[in-house]
1. Taking 8 Å as the Cα distance limit and 6 or more residues as the minimum spacing, I'd like the relative contact order of the chain as a percentage.
2. Taking every pair of alpha-carbon atoms in region 168-248, what share in percent sits in each 5 Å bin, from 0 to the bin with the longest distance?
3. List the relative contact order of region 168-248 as a percent without decimals, with contacts defined as Cα pairs under 8 Å and 6+ residues apart.
4. In what order do 294, 125 fall by count of nearby beta-carbon atoms within 10 Å, going from fewest to most?
5. May I ask what percent, to the nearest 5, of DSSP beta bridges between residues of the chain are antiparallel?
6. Which value at 222 nm does the chain reach when only helices count, each DSSP H run of 4 or more adding -39,500 (n - 2.57), with the total divided by all residues and rounded to the nearest 500 deg cm²/dmol?
7. Between residue 127 and residue 86, how high is the FRET efficiency from 1/(1 + (r/R0)^6) when r is the Cβ-Cβ distance and R₀ = 25 Å? Nearest 0.05.
8. Treat the count of other C-beta atoms within 10 Å as a stand-in for reagent exposure and order 152, 32 from fewest to most.
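Each value in this text was obtained by applying a stated rule to the coordinates, not by laboratory testing. Keep in mind that this is a model prediction, so the values were computed, not measured. Cβ: placed from backbone, ideal geometry, glycine included. Neighbour counts: every protein chain shown.
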C-alpha cells in the first residue's frame, strides 16, 4: 500500500508530507483541497499511460496544475512510498517542470530500501511522455504493480446519457471502469466466474433497496456482443426494468457495492465523494463495505458526509483545511478528542468546529 506521500507545487497544495493508512477519509468543505489531493492519482494514471500531455491540455495547461500558476511555481514534485504499515520499501519519484504552457518530465526515478538506506534507480529524464509502464525489470517491476491500478472512481453521472445506463461490450470486463460504464459487463462476468461474490452483491443491494429482487443479466438478443444492466423487481417477475428505472442513488450504490465487493479488488481504491445521493442507510452500509475491504485494499475517500465519518475512528480521518493560501492535511487523534467522544460522535464534533475541516475563509 501507499505508506507516505510527499507532494509539492500542485494546485492548492504547496507542500504536503503525510503518511497513509489502510483507511483514509479526507474530510473537508468545498474548496479546501480534497479533490486536488484525489486528482493527483488521475494525473499519475495518465502519466503512466503515456497520456500526460493530453491530460495537461484537457485540464487547462500548466497554470491550472501548478500552485498559483507559473508566476509562483515552476515544478511539481511527487514522491510516493509503498510498503506495509510503517515499513517504507519502494518509492516512485517524479519531478515535473513547467515548459511554456505544458510540462517536461524532468526526471522519473525509483528507490528501494532493503534495510536502512535508499538505493536509487534513474529511469527517465527530460521527456514529454513516460515509457515507465513498459519497463518490467528491476525496481520498476514492483512500482508498476501499484501504478497500473491507480484510478479515481467517480460514479456521479447518472443522467439519461450516463455511460453506465447504456449498452456496453460484453467482453469489456477486465476491471470495473472508473465511471461505471462497463458495469453490466463486469457484473455478468462475476455472475459467470465468481457466483458467490455476485450473490453477495445482490444481497447487499437488497439491504438498501427492498424493491430490488435480482439482476437479470444476459447478452442482448439482437446483438450478443452487447449487454445492458437489467433487473427484476419483487412482485413483478414478468415486468422489464433496466438502469433507467433505478434512482440515481441506487445506481451509484450498485457501482460502489460492485467495486468494493469484487473478488480481486485493486490494491488502492480511490473514490471521490461516494456518499452523493445516498440514503443514510446506504451511507452506513457503504462505510461497512469500506471497513471490510480495507483488510486487503487501501482505501482513499473524499467526503463531506457526517453520516459517513460517524462510522469510522478518528485515526481514519484526514482533516483537510486551507491555511495561508495552501491546503493542509492532518490525521485526527483519538487521544486529543477523547473527552468529547464520550458524549458526541465525530460528526457532532465536526459540527462544533472542534477540529477544522470547515469552509475556507482567507479574509
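1. The normalised contact order for the chain reaches 20 percent.
2. Spelled out per bin, shortest first, that is 3, 15, 24, 27, 22, 8, 2.
3. About 24 percent, as a whole number.
4. Ordered by Cβ neighbours within 10 Å, fewest first: 125, 294.
5. So the antiparallel bridges amount to about 80 percent of the total.
6. Here the helix-only value at 222 nm equals -8500 deg cm²/dmol.
7. Efficiency, from the Cβ-Cβ distance: 0.15.
8. Ranked by crowding around the Cβ, least crowded first: 152, 32.
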